Amino acid sequence: MPTGLNFLIGGYTYSEGGLATDPATPLQNAKLQIHAPFVAYARSFDAWRKSAKLDLVLATACLSGEAEANGVPVSRDVCGLLDPALRVTVNVFGAPAITLEEFRHYRQDLIVGVGLQVMAPFGQYDPDRLVNLGTNRWAFKPEIGLSKKLGALSVEAALGATFFTTNDDYFGGRTREQDPIVSTQLHLIYEFRGGRWLAINATYYGGGRTTLDGEKQNDELSSTRVGATLALPVDRHHSVKLHASTGLSVRYGDDFTTFGAAWQYRWGGGF
């Protein structure tokens, strides 16, 4: 994208099934629902003559439902903040920092980018409850991605790993550590006339085995999800995105279905 663009996004996501904001939470037979409105801001900029982007996501949520934890029935009904996320992305190859006028003549081939996302422990958290909206720990996710343009079709892939700090006040006053979670993504994006596009998405994540008070747990994650995203421009500044995803295979981890919609407004950079 050209430099100097600003994006303001507002949206809503609904999820149901065996989910939790922390995917390694030991829940069985979970029937939970999360209603999550969110707001986000993003800006494109010049980083050493490479195109780059900064984005920030703030969300609240209401979680309700029932599950079993180690064979014991538990329930939860809570509203509050989710952990906010800040991400910086820099395209290191194939996407120079250019103005809007220069962008009109730009033709994508292969792009390679790197990014770092930081999730801060500012969400709702109660150490006396097993299910919370926040995680009470920092998380850092470095990632590398590729994007290849093939006519109207773009193929994108990404590989990342999420690293966690220690939660010193986990459920019951215990200390909880977690191994990194490795994730891979694949996206097929088809562009229609008029700025519309449709993406088919798949992701796999694994690892993340936890340790409680020094004792390793048998909870290593392995989950595959598929989804789709549809973008519909309204005018030069406004667009709407619709998305849905569901679990394809789960050995251990979240198995849930998500639907959502977002409105986006862009300005700056010559628009």
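The values are calculated or read from the model by the stated rules, or taken from the named source; none is laboratory data. Bear in mind that the values here come from a model prediction, so they are computed numbers and not experimental data. Here the Cβ is made from the backbone with ideal geometry for all residues, glycine too, and neighbour counts use every protein chain on show.
Within region 214-222, is there a residue that is of a type in the set (Asp, Glu), under 27 Å from Ala97 (Cβ atoms) and in a strand (DSSP E or B)? No, region 214-222 contains no residue that is of a type in the set (Asp, Glu), under 27 Å from Ala97 (Cβ atoms) and in a strand (DSSP E or B). Scanning region 198-239 for residues that are closer than 17 Å to Ile181 by Cβ and among the polar types (S, T, N, Q) gives Thr203, Thr210, Thr211, Gln217, Asn218, Ser222, Ser223, Thr224. With respect to (1) charged (D, E, K, R); (2) more than 25 Å from Ile34 (Cβ to Cβ); (3) surrounded by fewer than 17 Cβ atoms within 10 Å (Cβ to Cβ), the lone exception for Glu177 is condition (3).
How about region 160-200: which strands (runs of 3 or more DSSP E) wholly inside it have at least 2 residues that are acidic (Asp, Glu)?
Once the strands (runs of 3 or more DSSP E) in region 160-200 are filtered for at least 2 residues that are acidic (Asp, Glu), what remains is 167-170.
Identify, from the list Asp83, Asp77, the residue that is modelled with pLDDT of 90 or more, touching a Pro at 6+ places or on another chain (Cβ under 9 Å), within 30 Å of Ile34 (Cβ to Cβ) and not hydrophobic (A, V, I, L, M, F, W, C).
On the way: Asp77 fails: touching a Pro at 6+ places or on another chain (Cβ under 9 Å).
When all the criteria are applied, what remains is Asp83.
Among the residues making up region 115-155, those that are within 26 Å of Ala202 (Cα to Cα) and buried (at least 18 other Cβ atoms within 10 Å of the Cβ) are Gly115, Gln117, Met119, Leu133, Gly134, Thr135, Ala139, Lys141, Glu143, Gly145, Ser147, Ser154.
Just to be sure before I move on: is Val131 within 20 Å of the chain's Cα centre (by Cα), of a type in the set (A, V, I, L, M) and in a loop (DSSP other than H, G, I, E, B) in the structure I sent? If you could, list the steps in order and put the result at the bottom.
Working: within 20 Å of the chain's Cα centre (by Cα): yes; of a type in the set (A, V, I, L, M): yes; in a loop (DSSP other than H, G, I, E, B): yes.
Yes, satisfied.
Filtered by the rule that a residue be surrounded by 19 or more Cβ atoms within 10 Å (Cβ to Cβ), part of a strand (DSSP E or B) and at pLDDT below 95, region 19-59 gives Ala30, Leu32, Ile34. Does region 134-159 hold any residues that are farther than 19 Å from Gln178 by Cα and either of a type outside the set (A, V, I, L, M, F, W, C) or outside any strand (DSSP E or B) (or both), and which are they? Residues satisfying the conditions are Gly145, Ser147, Lys148, Lys149, Gly151, Ala152, Ser154, Glu156.
If you check every pair at least six apart or on different chains, which have Cβ atoms under 9 Å apart with a residue in region 85-96 that is within 18 Å of Pro121 (Cα to Cα) first and a residue that is outside any strand (DSSP E or B) second? From region 85-96, the pairs are Ala85/Ala120; Leu86/Ala120. Looking across region 209-243, the residues that are exposed (fewer than 15 other Cβ atoms within 10 Å of the Cβ), of a type in the set (D, E, K, R) and under 17 Å from Tyr170 (Cβ atoms) come down to Asp213, Glu215, Lys216. Among the numbered conditions (1) in a strand (DSSP E or B); (2) closer than 30 Å to Phe271 by Cβ; (3) in contact with a Lys or Arg (Cβ under 6 Å, 6 or more places away or on another chain), the only one that Glu66 does not meet is (2).
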